[in-house]
Structures are given as C-alpha cells and as structure tokens.
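Engineer: Please find one structure pasted underneath; my questions will follow.
The values are calculated or read from the model by the stated rules, or taken from the named source; none is laboratory data. Values in this document were obtained by computation on a predicted structure and should not be read as measured data. When we count neighbours, we look across all protein chains shown, and the Cβ atoms used for this are built from the backbone with ideal geometry, even at glycine. Surface areas here come from the heavy atoms of the whole protein model, side chains and all, with no ligands, DNA or RNA. Shrake-Rupley method; radii C 1.70, N 1.55, O 1.52, S 1.80 Å.
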There are 2 protein chains.
Amino acid sequence: MASDIEIARAGKMKPIQEIGDRLNIPEEALLPYGRTKAKISADFIDGLNGKKNGKLILVTAINPTPAGEGKTTTTVGLGDGLNRIGKNAMICLREPSLGPCFGMKGGAAGGGYAQVVPMEDINLHFTGDFHAITSAHNLLAALIENHIYWGNELGIDQRRVVWRRVLDMNDRALREIVCSLGGVANGFPREGGFDITVASEIMAILCLATDLEDLQKRLGDIIVAYRRDRTAITARELEADGAMTVLLKEAIQPNLVQTLENNPAFIHGGPFANIAHGCNSVMATQTALKLADYVVTEAGFGADLGAEKFFDIKCRKAGLSPDAVVIVATVRALKMNGGVAKEDLGAENIEAVQKGCANLGRHIENIKQFGVPAVVAINHFTADTDAEVQEIKNFCADLGVDAVLASHWAKGSEGTAELAEKVAALAESGAAQFAPLYEDDMPLFEKIETIAKRIYRADEVLADKSIRDQLRRWEADGFGNLPVCMAKTQYSFSTDPNLRGAPTGHGVPIREVRLSAGAGFIVAICGEIMTMPGLPRVPSANHIKLNDEGLIEGLF
Amino acid sequence: MASDIEIARAGKMKPIQEIGDRLNIPEEALLPYGRTKAKISADFIDGLNGKKNGKLILVTAINPTPAGEGKTTTTVGLGDGLNRIGKNAMICLREPSLGPCFGMKGGAAGGGYAQVVPMEDINLHFTGDFHAITSAHNLLAALIENHIYWGNELGIDQRRVVWRRVLDMNDRALREIVCSLGGVANGFPREGGFDITVASEIMAILCLATDLEDLQKRLGDIIVAYRRDRTAITARELEADGAMTVLLKEAIQPNLVQTLENNPAFIHGGPFANIAHGCNSVMATQTALKLADYVVTEAGFGADLGAEKFFDIKCRKAGLSPDAVVIVATVRALKMNGGVAKEDLGAENIEAVQKGCANLGRHIENIKQFGVPAVVAINHFTADTDAEVQEIKNFCADLGVDAVLASHWAKGSEGTAELAEKVAALAESGAAQFAPLYEDDMPLFEKIETIAKRIYRADEVLADKSIRDQLRRWEADGFGNLPVCMAKTQYSFSTDPNLRGAPTGHGVPIREVRLSAGAGFIVAICGEIMTMPGLPRVPSANHIKLNDEGLIEGLF
C-alpha cells in the first residue's frame, strides 16, 4: 500500500469554495488561505444563530497504547462514511502542533484513505492560528516584564509570576531559564520558562470562547501573577486584553478544509489534553452543527480523560448536547491492554483480546453515565483475525452495544458505511439524554472525587491539606463553580501508566492544582506533566526536506 | 485631516486578483490570503526568466531625525505618481515587524494618502512570513541543543554557540538568559538569549536568496557554533537545512498588496538595517522588474547606510542595476540637521535649512560615486515656507541635481506627478552606470576602510589587532570575497549620533566583527547595537483593541 503522503497527493482536492458551496457558505464568508484552506468569517457565523443544530457525535477511544487506536482516522472515516450513505455530514478536528512534527511522530491529519488535506499545510503553518496564539501569549509575558521594569505599580511579586512563555517547538533547553540577566536595562533577573504553544491557556481560551467578545473577556480574566499578599493580578489589569484580542481576531475563525473524499472538515484549535481539555474549538463545533446534519468530532486521549472533559468542560460550557459516542478500539491495542508485548502483537491471541476488553467495557459503562448512547468501532488492521474481531463483537453484544468493523484506513468511506448507518440511527434514535457528571455548584474537591471514583474507579483521592486549602480559597474567591480539568496519564484509568486494563482499588494522588481563570477550569495534576517536549536522538527534522520536484519529504 | 487609519479605511480596495491582472499574473499563480493579499507562486516566478527588466529606482534619504523624512511614504507616493502619469509601475517595500507595533511607534505602511493596504493586516500577522522565520530560526536552535544533549558528536563547544533564538516581540527580559536549568533532562546550562525576528540571519537570507535552492544552500551555510579548536559548525552539519527550507517555502514567495490608489505593491522581507542590509527581498524586486516598467523600492536608514548596503550587498549579489535614486529630505529634518531643536521646528529658519543641506549634499555626492543619477524629493509638510523650500532647490541646483516638492501625504499621486516625470526621465536617460564601491577581491579590512573614508568621510578606521586577525582568518577560510555590512548609528555619518550635518575628520571604531556566512556578508559593528528592543513605559499595546464595530483601534 502507498504511504500516507503518496495517497494524499494522489487525491484530487477541490477548490475550497466548492466545499463551502456544499455547506451554503457564501463566497464573501469564506476567507481563502491559498486554494484549499479558508477561514469562515465571524459575521457569517453570527448570522447562523437560531438555525437548527445537527446531530453531534463524539469519537473517543480505549486507553491508548503504542499499538494505536486511530481516533482521528476513524473520525475522518466516519465523516466520509456518513456522506457516503447520503447524509450531510462534516467533521471537526484539532489542529496539529508544529513542534512535534520535527520530533518523533509525524503529523496528525489522519492516515491511509482517511485523511484531511492539504496534509502538509495542516501539519505546518496552516492558517497561522498557533503563531497568533504564540504572539498573544508572549505579548502578555512582555507586558508583565515591562510593567515590573517601569515601576511595578500593580505590586507584582516577581517570585509569583505564573505566566510563562510559549514556542511551538520542542526545545527542552527552554523548560527552565533565568531571564532578565545582563544588568539594569534588562530588568530584574528571575526564573521563568517556556511551554509548547498548545499548552498555553490562550489555546484553551480560544477553543472555549463563543465569540470575540467572550474571547476578550476570558483573556482579561487570565491570572498572570500574584502580589505578596497573594491577591491575583489579571491580564486586564495590565491592559493587555485588547491587544491580545486583536492578535487573535483571525485565529478565532474556524478553518475549513476537506477530506480525501472531498467532504468538509473544520480543523480548529488544539489544546493539550492534560492541562487543558483537548477538544477542537467551540466555535468550529457550533458552526458545524448549524451547517451540517451530522457533526463528527473527537477528544484527546482515551475516554476517561477525553470524553469526560468533552462532556464536563466543553459541552457543559458551550451548551452542547451530544447525540452519540463512538468508542474506537483495535485488536492490537486490546491485546496490549490484555498484557501482550508489542513485538508479539502479530500473532492471534483471543484470550488477550478478551482480557483487554475489560478496558473497553469500562469505557462503555462510563459513557453511559453521561446519558449518551455508544457504539464501538473496531478499527481494522490487516493482521487482525476474524476470531479476534468476533471476540470483541461478542463482548460488546453482552453489554448491549453494537461493535462494527471499520476499514477506512484501507478503503475510505467504503470501509465505514456500516458504522455510519449504525451511528446515524443511534444519533437519530433520541436515546441521548446528556447530562454532565457533576453539578456546577458541587465543591471543587468533591468534583475531583466524583471523577476519580465514578470514571477512574479509584477508592480515594489523596491530597495534602495545602491543596484542599487552595481549592477552598478559590471557592471563596468565586471560582467554585468551575469544572475540573484532570491532568493524568492517558495510559491507564489509574495514575500508574503501567496499570492497563480496568484497575480498581487505586488511589488518585493530586500533586498540584492550578487555576485557569481565563479558560474557566481548575486543573488537578496527578503526576508529572510535561508542557515542553524534547526532541529524540534522531529527530525527524533531520530527514524533512523538499525533493527535486519541490514536494515535502520526511514529514510523515 | 483624517488619521492614517481613517484614510486607509475610507479607501476602496480591489480584489487582489484585479491587481494581479494588471501585472498579467494568472489566477493560478496568485495564492490568496484573504481577499486583498496574495503570494506569487515560485513556479510563475521561475517562468519569468529571460523577460526584459524594468527600470529600478531606489528611494533613500538624508540622515534621519525625530522630525521624519517619510521614505516609505515617498516610495508609495512615487509609485502612485508614476502610474498616474501613465507608466506601468510598482513598488517594493519591506514588511513591518509585529513586535514594535505594540511598543512606541505604529505600523510601517506609509501614511496620509500614500499608504499600502490592508494596513492592519500588513502590520500584524500579514501572510505569516515572520512567523515562518521565527519557527525556522528556533528549530535550528532546538536542534543545536538536542545535538549536544544526545552526545554532541560534532564536538560543539557549548561556550561558543553563536546561534541565539528569536521572537517577534519587544521583550528586554529575553536579551540575556541562562537556559537548560532544572537538571539532567533539560540539558547543559549555558548562556543564551533572544533577538527580535527581524534581526535573524534567516531574515537576511530570505531577502537575499534567489530561489528555494539558493535559500537551502544559504541556510546550510549558517554557522551555528564553534568547536574548541575554533573550527565552525554549520546548520548543514546538523542536518537542519532541509526542514528549515520546508518551513520557509511559502515565506519566500513575494506578497502582493495594493496602494490606496489600487496600484500594485510587493511587501516582502524586512531585515534589520544595522546588522543586516535593510532591503526587501531580492525575489520581490527581481519579480517586480519582470512585471512592471518601473520599480520603486527603498532601503533602511539614511543613504550612508541604506543606499550603500543596497548597492554593495543587494545589487552586487543579485546582479541588479539601479537606474535612478530619489533622496528624500524634509525642511524639518534639514533644520534639525542644521542644529534646530525639535520644539523650534515650527518657525521659518532659512539659515538652518541651508546649514542642514550640508547633510543632503554629502548624500548626493555619495550616490554619484555609485554611478547612479539622483533627484531630491522634498517631502512637503504644511508648516514649510516657500522660502525654505526654495533654499533646498537652490542648493541642489548648484550641485546639478533637481529637487522637486512632493505632497503625496496630503494629495496622493496628484502630489507626486512632477516628481514622477523627473524620475522617469532620469531612469530612461541612460545616465546610470552602476558599479559597487569596491571589488569583491578587496581585503575585508580595506572594504571597511573604503566605506568609512569614501561614504562616511572618516579619516581612519580604528580596530584592535584581534579584529584585524579575525578578518584575516575569515579570508583564509574563504570568506574574503564577501561584502561588508556596516552596523552604525543611523543618525550621523560618523559613529556619534549627535554629530549631525556633514562631519569630517572623525575615526570609525570597529568594536566587533561577525560572520553571517548564510546571508553572505561580514558585519562590522561600530557601537552599541540593540537586537532586542524593549517596550516603553506606556506601550501602545495598552490602547490597541477592537472597537464596537470590530475595527482595530490604537494601532497607528
């Protein structure tokens, strides 16, 4: 079979206006970036208010393993499948981060015959959204330093500046720095550091904002530092919110591209799935729901993190009501969840599949808690045997859930027609009665406990008095109604990445809590969280180049 | 009179394809960024080879003062004036830097009725070129750190890493940092720092590259560090040049926009005018020469720096042959050069104008040394008296040079019709016999002396033995044929910014020399050079915002 990039290039893209036409987006509302990318104008989006919403379908997955589950690929394949069976469907994906493209893994635009295109552009600068976020973030950082430099009227405690800087690059050397060295003209030396742009609170804000006004309000709410008396200083007090909004006024507009089968796709925003909520932008999803009858979207990591945050943060805040969930599983990843080593995945092992299904079963149960009906998509790999696939189907049937084999990677929409039929029927069935897991007014620590016990199936949450005190202080300061954003390993229901399957009886230790006042959530951190990746020994940057025909090589 | 931004908004922009049509750029060669910006495809540019060149006109100026000379405004006004008198003309400008927009001054897209539009876009993210340069620059930085981290096979001396990082933001706190703190996983602590993106060698490279292949060669030639034995390590040895080229493949394509009078303008690249050569890209200028009969372009700072580098670096390297030079002067700036304080500029002062003309006269003489005929444009301010203007005209007449009053700021092309006639006649006269100031094979120190003595009219160049030794080492290493890029104050012919007029008898001290092996020049630094600006006490960022109609306020 051809490589992803060969398949992508062999496909024939349509001019983006043709894609827009299918969604009834008029030419003046489509702002082109080249011939095959466009932004949707904010004015046009405003005008959609009051239109009926389509059905919202979330694609999530079992706990990831190095064997892969193919969540993005399945999202693309299902979108194409729905269009194939005559539905008016579109997909909403996150934008890939530029930095990691030069490190270990390639892009994040799907694979095989289930891709979004132009894949090189999407994986590189795309429409500049991440660059705009980087600029807005670092402008705020510069304004903090500048305020201190010119007299520090607001009384910023230089030891308590919590706003770091960002770059869309994997650069471990910038994780911890001392800045403002070199004398009087360069400010007051202090510790600082850089995160990767996707970890910026501004990324989370852009993805949760409902319009420009809401964006500016959230940017103003960002807490940048504290005074000696621990009172917070916001971006608004630094008069930074206006200029930051100006820098983001194009970035907030969703990006329209197409799948290999020329179906419409929004790719917009890409917040971290640990310290943020890991979903594409609310504006993209809401706009898609006005333009299409079916909207397929995904959330980062496995369902314990991704779906929970999608429901409890994104849907809660944006008033979205999902109609169906697709849980992606693969025979290979279930085998790994069942204890098989990566090098042994090629051999049939029904017992391991059966064992690994405990992980899938747990996710199915969890989704039900949110009142949304689910279907399982078995993302097909060529080495899978019929008996292994049947094992998954049987397991799901016992739980009263359909499991459908999907072979979009090899066949495109032909491989997801059956899945699309099931999903459409489920979404139309009216079975969904969505409700978030907890109420807004539940105390913050109880929210953490609720997630830990009901989703992770832990016995207890372990947290020092200082953390509980901090949560109570935030409640007193008026932040008690915020949802909680869990930052936990994606590899296990527990906080131990090696504990596969469906563990019980564990404790969830909370190491640290952070307030993202602009994004509007409390982050509860249960372990080491890396917000600035490094590059591997042989980074893919070493092999990325233009070939003699001017085409990009080595990116994927 | 209305403000710049009010005038810009009142103007009616044409769809960029209409502007392209006038230049016979086919639709498929015009890559749109929104409706009023586009990039010109590299393929189309390749196809222009062999076409006859138009006439090349450089706009330069006397030594700048806070009173302003209006070089960019005059470039725009002259372009419009040439079109007004029936010529097929276009202009080539530099892209403004994002960072400074949030500091002291506004944008850099002209002013009054001589502007390029859309001015907000041009001053903010535009088509993302600077973001691409920032990414490519910081990727190289990350690859250097990563190479050291994983074993340092190339033997980089960590004390001799000369590649800093860049951000397009004024942030003094990043001028000098210590990075890689925090333990083993974050690398080896060492000193580093950030420059503003326009100071990146990659910016200079992008502006001097003739095509993608040349770009990659130059990127590979960048010296990033030295070994303990002082041998150089290049970006090519780090296998970084391919990925950097991929990041810059769109950025290298010139950007087409329009003037307020709907005439075509390329705005592309913007290297520093001190540590780099301060001209827009060679690709934009060369392409413009194929598409138009007259191309008006500008160079940074006064003619002692800007025109000299335009001739000796850009024209030499790109094989360009300029046909005429316009030297911009204002009554106000000549008065300041004649010793008048800024607060007294309102009053008529013919004696001061006469005295200040010494500065203008020196620049006129200097331009003649390059074999290019010149005309003086007196950029009109409302407070100028007829007698003051006449004084300049008389002074120029004595030197055999025309001086023409230009009032494009208030009147657009109507105010430059006379200037345009003079310039067109001069360019067509065949009087130009361009030659750079020195030959390629002149020893490096002699090149510096030649510029200092013949352009700055210094008596001598002062340089320590270590600097002369360094220059000789570079000659031995094969860099002796490079031109010299002078980094000197823009406010005086001398290295003392307070020495206005036409000083003689001074010495030019060379503090430091740097090799920009990728850009292809030796930088000779004669004083403090700031490569990362700071923000003022009240930065303009505090007042930049979207107003109730969604329009940007406070940017200009």
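Engineer: When both residues are 6+ apart or on different chains and their Cβ atoms are under 7 Å apart, which pairs have a first residue that lies in segment B:34-54 and is in the same structural domain as B:Ser281 (by the TED database), and a second that is among the small types (Gly, Ala, Ser)?
Structural biologist: What qualifies is B:Ala38/B:Gly20; B:Ile40/B:Ala29; B:Ser41/B:Ala29; B:Phe44/B:Ala29; B:Gly54/B:Ala292.
Engineer: In segment A:521-537, which residues are within 13 Å of chain B (Cβ to nearest Cβ) and either surrounded by fewer than 21 Cβ atoms within 10 Å (Cβ to Cβ) or under 17 Å from A:Thr489 (Cα atoms) (or both)? Let's see the steps before the verdict.
Structural biologist: We begin by selecting, within segment A:521-537, every residue within 13 Å of chain B (Cβ to nearest Cβ); these are A:528, A:530-537.
Once the filter is applied, which keeps residues that are within 13 Å of chain B (Cβ to nearest Cβ) and either surrounded by fewer than 21 Cβ atoms within 10 Å (Cβ to Cβ) or under 17 Å from A:Thr489 (Cα atoms) (or both), segment A:521-537 yields A:Glu528, A:Met530, A:Thr531, A:Met532, A:Pro533, A:Pro536, A:Arg537.
Engineer: So which residues in segment B:543-556 are out of contact with any strand residue (DSSP E or B) (no Cβ under 9 Å at 6 or more places or on another chain) and either buried (at least 18 other Cβ atoms within 10 Å of the Cβ) or more than 9 Å from chain A (Cβ to nearest Cβ) (or both)?
Structural biologist: Passing the criteria: B:Asp548, B:Glu549, B:Leu551, B:Leu555.
Engineer: Among the residues of segment A:78-92, are any at pLDDT below 95, touching a Ser or Thr at 6+ places or on another chain (Cβ under 8 Å) and acidic (Asp, Glu)?
Structural biologist: no
Engineer: Can you name every residue in segment B:435-450 that is under 12 Å from B:Phe370 (Cα atoms) and either in contact with a helix residue (DSSP H, G or I) (Cβ under 6 Å, 6 or more places away or on another chain) or in the same structural domain as B:Arg468 (by the TED database) (or both)? Steps first, answer last, please.
Structural biologist: Applying the first criterion (under 12 Å from B:Phe370 (Cα atoms)) to segment B:435-450 yields B:435-438.
Of everything in segment B:435-450, those that are under 12 Å from B:Phe370 (Cα atoms) and either in contact with a helix residue (DSSP H, G or I) (Cβ under 6 Å, 6 or more places away or on another chain) or in the same structural domain as B:Arg468 (by the TED database) (or both) turn out to be B:Pro436, B:Leu437, B:Tyr438.
Engineer: Still on this structure: Please work out which residue is farthest from the chain's Cα centre (by Cα), limiting yourself to segment A:284-297 and to residues that are aliphatic (A, V, I, L, M) and open to solvent by less than 10 Å² (accessible area, probe 1.4 Å).
Structural biologist: Ranking the candidates gives A:Ala292 first.
Engineer: For B:Val340, state whether it is farther than 21 Å from B:Ala89 by Cα and open to solvent by 10 Å² or more (accessible area, probe 1.4 Å).
Structural biologist: Values: farther than 21 Å from B:Ala89 by Cα: yes; open to solvent by 10 Å² or more (accessible area, probe 1.4 Å): yes.
So B:Val340 passes the test.
Engineer: For segment A:17-124, please list each of the strands (runs of 3 or more DSSP E) lying entirely inside it that holds at least 1 residues being charged (D, E, K, R) and open to solvent by less than 10 Å² (accessible area, probe 1.4 Å).
Structural biologist: Fully inside segment A:17-124 and qualifying: A:38-40.
Engineer: I would also like to ask the following. Hey, among A:Gly70, A:Gly99, A:Gly111, which residue is farther than 30 Å from A:Ala425 by Cβ and at pLDDT below 95?
Structural biologist: Numbers: A:Gly70 fails: farther than 30 Å from A:Ala425 by Cβ; A:Gly111 fails: farther than 30 Å from A:Ala425 by Cβ.
The unique qualifying residue is A:Gly99.
Engineer: A:Ile233 fails exactly one of the following numbered conditions: (1) open to solvent by 10 Å² or more (accessible area, probe 1.4 Å); (2) away from chain B (no Cβ under 14 Å). What is the number of that condition?
Structural biologist: (1)
Engineer: Any residue at all in segment B:381-393 that's under 15 Å from B:Asn63 (Cα atoms) and open to solvent by less than 60 Å² (accessible area, probe 1.4 Å)?
Structural biologist: Going through segment B:381-393, the residues under 15 Å from B:Asn63 (Cα atoms) turn out to be none.
So far as segment B:381-393 goes, no, none of its residues is under 15 Å from B:Asn63 (Cα atoms) and open to solvent by less than 60 Å² (accessible area, probe 1.4 Å).
Engineer: Among the candidates A:Leu212, A:Leu154, which residue alone is at negative phi, in contact with an Asp or Glu (Cβ under 9 Å, 6 or more places away or on another chain) and not aromatic (Phe, Trp, Tyr)? Quick ask: steps written out before the conclusion?
Structural biologist: Numbers: A:Leu212 fails: in contact with an Asp or Glu (Cβ under 9 Å, 6 or more places away or on another chain).
Matching residue, one of A:Leu212, A:Leu154: A:Leu154.
Engineer: Is there a residue in segment B:186-198 that is at pLDDT 95 or above and facing chain A (nearest Cβ under 7 Å)?
Structural biologist: Taking every residue of segment B:186-198 in turn, at least one turns out to be at pLDDT 95 or above and facing chain A (nearest Cβ under 7 Å).
Engineer: Ok, one more. Filter segment B:210-229 for residues that are in contact (Cβ under 8 Å) with a residue 12 or more places away in the chain and more than 24 Å from B:Leu320 (Cα to Cα); which is most open to solvent (accessible area, probe 1.4 Å)?
Structural biologist: B:Arg228
Engineer: Report yes if A:Gly269 is within 24 Å of A:Glu418 (Cα to Cα), open to solvent by less than 10 Å² (accessible area, probe 1.4 Å) and among the small types (Gly, Ala, Ser), otherwise no.
Structural biologist: Here the answer is no, as A:Gly269 does not meet what is asked.
Engineer: Can you list residue pairs whose Cβ atoms sit under 6 Å apart, with the first residue in segment B:1-25 being over 16 Å from B:Val117 (Cβ atoms) and the second being open to solvent by less than 50 Å² (accessible area, probe 1.4 Å) and assigned to a helix (DSSP H, G or I)? Count only pairs 6 or more apart in sequence or on different chains.
Structural biologist: Hits for this filter: B:Leu23/B:Leu291.
Engineer: In addition: Kindly list the number of the only condition in (1) open to solvent by less than 20 Å² (accessible area, probe 1.4 Å); (2) touching a strand residue (DSSP E or B) at 6+ places or on another chain (Cβ under 9 Å); (3) farther than 28 Å from B:Gly269 by Cα that fails for B:Gly507.
Structural biologist: Here B:Gly507 clears every test but (1).
Engineer: State all residues of segment A:416-429 that are open to solvent by 10 Å² or more (accessible area, probe 1.4 Å) and either among the acidic types (Asp, Glu) or part of a helix (DSSP H, G or I) (or both); if no residue qualifies, say none.
Structural biologist: A:Ala417, A:Glu418, A:Glu421, A:Lys422, A:Ala425, A:Leu426, A:Glu428 - these are the residues of segment A:416-429 that are open to solvent by 10 Å² or more (accessible area, probe 1.4 Å) and either among the acidic types (Asp, Glu) or part of a helix (DSSP H, G or I) (or both).
Engineer: Taking the conditions exactly as written (within 19 Å of A:Pro539 (Cα to Cα), crowded, with 17+ Cβ neighbours inside 10 Å and away from chain A (no Cβ under 12 Å)), does B:Val257 satisfy them or not?
Structural biologist: no
Engineer: Return the pairs, sorted by first residue and then second, in which the second residue is open to solvent by 10 Å² or more (accessible area, probe 1.4 Å) and not in a loop (DSSP other than H, G, I, E, B), the first residue lies in segment A:108-132 and is at the interface with another protein chain (Cβ under 10 Å from one of its Cβ atoms), the beta carbons are less than 6 Å apart, and the residues are 6+ apart or on different chains.
Structural biologist: Sorted first by the residue in segment A:108-132, then by its partner, the pairs are A:Thr127/A:Tyr33; A:His131/B:His131.
Engineer: Right, another one. Check segment B:307-314 and report whether any residue there is under 30 Å from B:Leu215 (Cα atoms) and either in contact with a Lys or Arg (Cβ under 8 Å, 6 or more places away or on another chain) or not assigned by the TED database to the domain that holds B:Ala61 (or both).
Structural biologist: no
Engineer: Is segment A:154-166 home to any residue that is open to solvent by 10 Å² or more (accessible area, probe 1.4 Å), within 7 Å of chain B (Cβ to nearest Cβ) and either closer than 20 Å to B:Asn170 by Cα or touching a residue at least 40 places away in the same chain (Cβ under 8 Å) (or both)?
Structural biologist: no
Engineer: Check whether at least one residue in segment B:240-251 is at pLDDT 95 or above and over 24 Å from B:Ile144 (Cα atoms), and report yes or no.
Structural biologist: We begin by selecting, within segment B:240-251, every residue at pLDDT 95 or above; these are B:240-251.
With over 24 Å from B:Ile144 (Cα atoms) added as a condition, the list becomes B:250.
Checked against the condition, which is being at pLDDT 95 or above and over 24 Å from B:Ile144 (Cα atoms), segment B:240-251 yields at least one hit.
Engineer: Is it the case, given these coordinates, that B:Ile367 is in a helix (DSSP H, G or I), more than 16 Å from B:Val59 (Cα to Cα), in contact (Cβ under 8 Å) with a residue 24 or more places away in the chain and touching a helix residue (DSSP H, G or I) at 6+ places or on another chain (Cβ under 7 Å)?
Structural biologist: no
Engineer: Shifting gears a bit: What's the number of the condition A:Thr489 fails, among (1) open to solvent by less than 20 Å² (accessible area, probe 1.4 Å); (2) at pLDDT below 95?
Structural biologist: The single condition A:Thr489 does not satisfy is (1).
Engineer: A follow-up question, please. Tell me yes or no: at least one residue of segment B:24-44 is of a type in the set (Phe, Trp, Tyr), over 19 Å from B:Pro96 (Cα atoms) and either under 20 Å from the mean Cα position of the chain (by Cα) or within 14 Å of chain A (Cβ to nearest Cβ) (or both).
Structural biologist: yes
Engineer: Looking at (1) under 30 Å from A:Leu247 (Cα atoms); (2) without any contact (Cβ under 8 Å) to a residue 12 or more places away in the chain; (3) more than 8 Å from every other protein chain (Cβ to nearest Cβ), which is the one condition that is false for A:Ala142?
Structural biologist: (3)
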